[in-house]
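Okay, structure first, notes after.
No value in this document is a laboratory result; all are computed from the given coordinates. Computed from a predicted model, the values in this text were never measured in an experiment.
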Amino acid sequence: MQKKLSNLINHNDFKRVGFSIAFKNNASNTVYKDFNEISLVELSEGGLKLKVPFKSLQPGHFLTLYFYEFPIPKERKQEIIKETFRNATTFIGKVLDLTEECDEDDPEDAFDDEKYLVCNIELTQYDVHVWQNVFKTFNEHQKKVNSLTLLGKKNV
């Protein structure tokens, strides 16, 4: 007996799980806080990959990463503007390597200089338990998405 996919889908399965991320390049002392220009690509147990603005960092640079739950509460926006980041979850990492990318979804992007970098970051100073909770949250959400995808394929 096949189950209807509509009976198995929960509205909460489609809630965005994520963080708004800002960072400070400790080598140049420059803060990047435009959350639209910084996105999480991948998480691992001891690091992450981020999509960041072009020329914002180099291999070997240390970064202070500021994580805010998405969506950012109104009371936190002022501290971001002032660059105090008091209520952010903070991690420090080292840029291992960079890859130049163009936005493939934007056909005009191939013709302009609007490039970005995907950087592989190894965490160097952080609370292991806090990072494990971040990793666990994303991992559990990904498992739900994968099971829904598999269920949908079986019912087609």
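By the Stokes-Einstein formula, at 1.567 mPa s and 4 °C, the stretch 18-128 with its Kirkwood radius over alpha-carbon pairs has D equal to 89 µm²/s. For the pair LYS74 and SER44, the difference between a 0.36 nm per residue extended length and the Cα-Cα distance amounts to 7.8 nm.
May I ask which of LYS82/LYS143; LYS51/LYS143; LYS49/LYS143; LYS49/LYS136 have a Cα-Cα span longer than 28 Å here?
LYS82/LYS143
From the alpha carbon centroid of the stretch 30-45 to that of the stretch 53-96 is 8 Å. Rounded to the nearest Hz, the phi-derived 3J(HN,Hα) couplings of the stretch 124-135 under the Karplus curve 6.51 cos²θ - 1.76 cosθ + 1.60 (θ = phi - 60°) are 10, 9, 6, 7, 4, 5, 5, 5, 4, 5, 4, 4, where x marks glycine and proline. In the stretch 33-90, the alpha-carbon atoms span a convex hull of 108 Å³ per residue.
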